[in-house]
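Enquirer: Structure provided below as structure tokens; questions to follow.
FYI, it's all coordinate maths here, none of it is from the lab. Model, not experiment: these values are computed from the prediction. Because the Cβ atoms are built from the backbone with ideal geometry, glycine has one as well, and the counts that use them run over all protein chains shown.
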Amino acid sequence: MSEVSIAWVDGALETIDQRALPQQLRPLRITTVDQVIDAIQTLAIRGAPAIGVSGAFGVVLAAHAFPDDPAAVRAEAERIASARPTAVNLAWGVRRALSRLDEGAQAVLDEALAMLAEDGRVNRAAAAHAADLLQQLLPGRPLRILTHCNTGRLATTAFGTALGALRVLHERGALETVLVDETRPLLQGARLTAWELAEAGIPHRLTIDSAAAWAMATGQVDAVIVGADRVTADGSVANKIGTYSLALAAHHHGLPFVVVAPESTRDPHTATGAEIVVEQRAAAEITHVAGVATAPEGTAVFNPAFDVTPPELVTAVVTENGVVGRVRTPRGTDGSVASGTD
Ligand code: MRU
């Protein structure tokens, strides 16, 4: 099976409808800005790098729809960039494609195609750096790694970030097994990561999110690896809800907590995690499972799609350029105390 999950074919964005997995590998063909926005908001296309590149192709579609009206293209671009607030990649992708608008629609397309080509290269490089780091921190035996949400080829355009690092470790014979959080409420781990790991032949077990700390306590996890939607200037990491709990648990157990993301996920313009806008999603994602009510009608909910992990709980953020700043050595790997070593 191809590792690529986004393509530009005959004037349309072609991808996989992530809502349909794991039951169906359903292609999705997008030809309008409204369809791009709907796909991003309903998570047919999801994952920070994937929505970034898709946002760029959204600008391409807008440039074709309004060939003589740059103001209209810019207004459409603004609508696309605001489809979801937390992942900085979306606004980044839109802005980058839009930066070529003055040169014409073909230049906008060229930029989006360049981003598409870059993404796979960037992910492979970040994944290799993250695998190197984990092998340095935990030398000697194949690793048991816990991951959350989906950071694979579906969440990017190819290969994946944190899941890409799992691919690299597996290729090197350095991965024993992956513990996959199901990732409530939309089950990106169960539906998408378990599907991708099976596709890649990587050994894994699925677990409920609330079993993660217990898996660490009972010695079943050597490290935690996740992706990111935004990394602020102070090193705070916005990622799928549940990531912060994992970081706290990993810190308590002295386990490396490694974040893998492209440079485009770093947001130097946002100083701290407190400034990140965390998307709140519909109540029905929690009150219903597959359309069936699992809570009394009218139950109020708290449904943040993301949380923010403070830098002191993060062992390292790894991008295509390697480790950002310094590694905070978790106490389990050298006997030192995690928060005091950087
Ligand atoms: O709501 P989602 O599924 O788009 O959330 C995705 C995540 O939190 C991912 O971990 C993140 O975007 C990184 S994907 C390489």
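Enquirer: Quick one: of the DSSP bridges fully inside the chain, what percent are antiparallel, nearest 5?
Expert: The answer is about 50 percent antiparallel.
Enquirer: Stretched out fully, how many nm does the piece from ALA71 to GLN24 gain, at 0.36 nm a residue minus the Cα gap?
Expert: Extra length available between ALA71 and GLN24 comes to 13.0 nm.
Enquirer: Rounded to whole Å, give me the distance from the Cα center of segment 136-204 to that of segment 62-103.
Expert: One Cα centre to the other: 32 Å.
Enquirer: What is the magnitude of the charge dipole of the chain about its Cα centre, with +1 placed on the Cβ of each Lys and Arg, -1 on the Cβ of each Asp and Glu, and no other charges, expressed in debye to the nearest 20?
Expert: With Lys and Arg at +1 and Asp and Glu at -1, about 780 debye.
Enquirer: While we're here: Which one, ALA233, ALA290, ALA127, has the greatest fluctuation when you compute a Gaussian network model over the chain with C-alpha springs under 10 angstrom?
Expert: Per the Cα network of the chain with a 10 Å cutoff, ALA290 tops the list.
Enquirer: Among THR32, SER264, PRO304, pick out the residue whose Cα is farthest towards the positive end of the charge dipole of the chain, where Lys and Arg carry +1 and Asp and Glu carry -1 on C-beta, about the Cα centre.
Expert: PRO304
Enquirer: How big, on average over all directions, is the shadow cast by the Cα convex hull of the chain, in nm²?
Expert: 17.1
Enquirer: Still on this model: Could you sort 171-183, 205-217 so that the peptide with the highest average Cβ count within 10 Å comes first and the rest follow in order?
Expert: Those peptides, ordered most packed to least, come out 171-183, 205-217.
Enquirer: Rank-order 269-280, 294-305, 53-64, 109-120 by packing density, defined as the average count of other C-beta atoms within 10 Å over each peptide's residues, highest first.
Expert: Most protected by this proxy first, the peptides run 53-64, 109-120, 269-280, 294-305.
Enquirer: Hey, another quick one. Using the Cα centre of segment 1-111 as origin and beta-carbon charges of +1 (Lys, Arg) and -1 (Asp, Glu), tell me which of THR42, ALA91, ILE80 is placed farthest towards the positive end of the dipole.
Expert: Among THR42, ALA91, ILE80, the one farthest towards the positive end of the dipole of segment 1-111 is THR42.
Enquirer: With equal scatterers on the alpha carbons only and no solvent term, can you work out the Debye log10 of I(q)/I(0) for segment 189-307 at 0.11 1/Å?
Expert: -0.49
Enquirer: Which value, in debye to the nearest 20, describes the size of the charge dipole of segment 55-181 about its Cα centre when Lys and Arg Cβ atoms bear +1, Asp and Glu Cβ atoms bear -1, and nothing else is charged?
Expert: The calculated dipole for segment 55-181 is roughly 580 debye.
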